[in-house]
Amino acid sequence: MTNRRTFLKTAALAYPASQLLIATAEAQAAYVAPTSFSRDYFAEIGVKPFINAAGGYSAFGGARMRPEVAEAIRYGTYNKAKVDDLHDAVGKRIAEMAGCEAAMVTSGAAAAMVLATAAAMTMGDQEKIEQLPDTTGLKNEVIIQKNHRYTYDRALVVAGAKMVEVASEEELRAAIGPNTAMMFWLLANHNPDGDNIPMDRYLEISKEHDIPTFLDGATMTPPASNVIDACKLGFDLVGFSGGKGLRGPYSAGLLLGKKDLVAYSRANSSPNSRALGRGMKVAPEEYVGMMVAFETALAINEEEDFKRKREIFARIVNQIGPIPGLKAEVIVDAGMVDELYLDLEWDQDQVKITIDEFVEALRSGSPAIEIRMLKFAGGRVHISSTVLAEGQEITVGRRIREVLMAAT
Ligand SMILES: *Cc1c(COP(=O)(O)O)cnc(C)c1O
């Protein structure tokens, strides 16, 4: 998963702004006016819209679903099937695509974590399922490495489990006992300190003790093929966000892995009205939407997708035009999966505006624009193209020019 990433990073960094000024007439012609809607709901209720040039952050409304996904969702709202039949079939298709035994659609990766934990504690026993989050008499400990503690680990305790933190193989062996329900792993670059225990050892030890393992790979897309790779790592269950890099429905996610554990996870979820996960309901149209999102994401030719994104950035750079002291460069973010950003940097003696002021100016302008700001290395500002609707890049480029020129 990393080799190609490293390669792309190097390649991308050698791609200066001057070479970006290649926006062809063809690319300009690709501009399509935003779809017109019969009503402007946001305007009617006084909600202020914004152009998302930051990326698919949850608070910013997630990713933009591809047209195929929106179409699948529209289909799903018209055509009704029994929810369990539909989930069986969708799960089977997703599992085939991912190359794993079974799959289900969850209400996000966080719900996948809750349901996986509930499954590991109850193992399909309806009485135990109804008892949660009271874990009296149940295995109720989830082992997590110290360096894998993160914001979302709260989802591991929602079903009533307790986290047991370990920092070494010794501690892991000592922590495993009759109450161990599951062993957790975070697949991400969120843990800069690395893993406390190597993955292969962690998995070997879990197998020795027959303890189900769960891997959170929520952010590890694109490419969607990382889901397939994650399924091969040897974990019993893996969870992914549907509304991030896979560009599925905002509230959907995937839980994939062993047939029995996926079935137990489903038993802890809607439509089982006595299940703890009853409130983590997924709409039937989202089942179809998530399936099509995964299918569409897998079919994406990444080289072509990068080319398309570079063209979007080229149009932005074209709109910004030459500004003394400004450097614009397409980069692959080292801290994330394969994602391109347009990195902007300027000499503050020539363009007298700080990064914070720049972000604020775009945010409070008309139309409002959000970009990505990273706090490290003295602060970086990045433009993401993933959520931009067609044509919005022109507005983004023009606004950036206005704001920067006003500071020269
Ligand atoms: C976003 C995220 C989650 C939660 O994902 P949702 O699909 O929003 O529920 C879990 N784990 C990691 C690492 C994430 O980045």
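Here Arg315 fits the description: crowded, with 19+ Cβ neighbours inside 10 Å and over 23 Å from the mean Cα position of the chain (by Cα). When each of Glu165, Glu141, Glu169, Glu130 is tested for being without any contact (Cβ under 8 Å) to a residue 24 or more places away in the chain and among the acidic types (Asp, Glu), the lone residue that passes is Glu165. Scanning the stretch 202-245 for residues that are in a loop (DSSP other than H, G, I, E, B) and either within 16 Å of the ligand (Cβ to nearest atom) or over 15 Å from Ala98 (Cα atoms) (or both) yields a total of 17. Criterion applied to Ala119, Ala89, Ala111 was being free of Cβ contacts under 8 Å to residues at least 40 places away in the same chain, more than 27 Å from Gly194 (Cβ to Cβ) and aliphatic (A, V, I, L, M), and the one residue passing it is Ala89. Would you mind stating whether Val164 is open to solvent by 10 Å² or more (accessible area, probe 1.4 Å), within 16 Å of the ligand (Cβ to nearest atom), not hydroxyl-bearing (Ser, Thr, Tyr) and not in a helix (DSSP H, G or I)? Judged against the criteria, Val164 is not a match. Meeting the requirement of 3 or more residues that are open to solvent by less than 20 Å² (accessible area, probe 1.4 Å) and more than 16 Å from the ligand (Cβ to nearest atom), the helices (runs of 4 or more DSSP H) wholly within the stretch 50-159 are 83-98, 109-122. Identify all residues within the stretch 350-373 that are of a type outside the set (D, E, K, R), open to solvent by less than 30 Å² (accessible area, probe 1.4 Å) and either without any contact (Cβ under 8 Å) to a residue 12 or more places away in the chain or in contact with a His (Cβ under 9 Å, 6 or more places away or on another chain) (or both); write none if there are none. Selection gives Ile371 alone.
Close contacts from the stretch 233-246, counting a first residue that is β-branched (Val, Ile, Thr) and a second that is within 10 Å of the ligand (Cβ to nearest atom) and at pLDDT 95 or above, with Cβ to Cβ under 9 Å and a gap of 6+ residues or different chains, come to Val238/Ala112; Val238/Asp216; Val238/Leu254. Assessment of the stretch 334-344 against the conditions (modelled with pLDDT of 95 or more, farther than 26 Å from Arg66 by Cβ and in the same structural domain as Ile51 (by TED's automatic domain parsing)) yields at least one matching residue.
Give the stretch 249-285 a look and list any residue that's outside any loop (DSSP other than H, G, I, E, B) and within 29 Å of Gly61 (Cα to Cα), or say none. Across the stretch 249-285, the qualifying residues are Gly253, Leu254, Leu255, Leu256, Gly257, Val262, Ser265, Arg266, Ser269, Gly277, Pro284, Glu285.
A count restricted to the stretch 306-346 and to residues that are part of a helix (DSSP H, G or I) and among the acidic types (Asp, Glu) stands at 1. For Ala299, the stated conditions hold: it is over 15 Å from Asp343 (Cβ atoms), free of Cβ contacts under 8 Å to residues at least 24 places away in the same chain and either assigned by TED's automatic domain parsing to the domain that holds Ala224 or under 20 Å from the mean Cα position of the chain (by Cα) (or both). The set of residues in the stretch 246-260 being closer than 19 Å to Arg93 by Cβ and within 12 Å of the ligand (Cβ to nearest atom) consists of Leu246, Gly248, Pro249, Ala252, Gly253, Leu254, Leu255.
The values are calculated or read from the model by the stated rules, or taken from the named source; none is laboratory data. This is a predicted model, so every value here is computed, not measured. Backbone-built Cβ (ideal geometry, glycine too); neighbour counts: all protein chains shown. All accessible areas refer to the heavy atoms of the entire protein, side chains included, with ligands and DNA or RNA removed. Shrake-Rupley method; radii C 1.70, N 1.55, O 1.52, S 1.80 Å.
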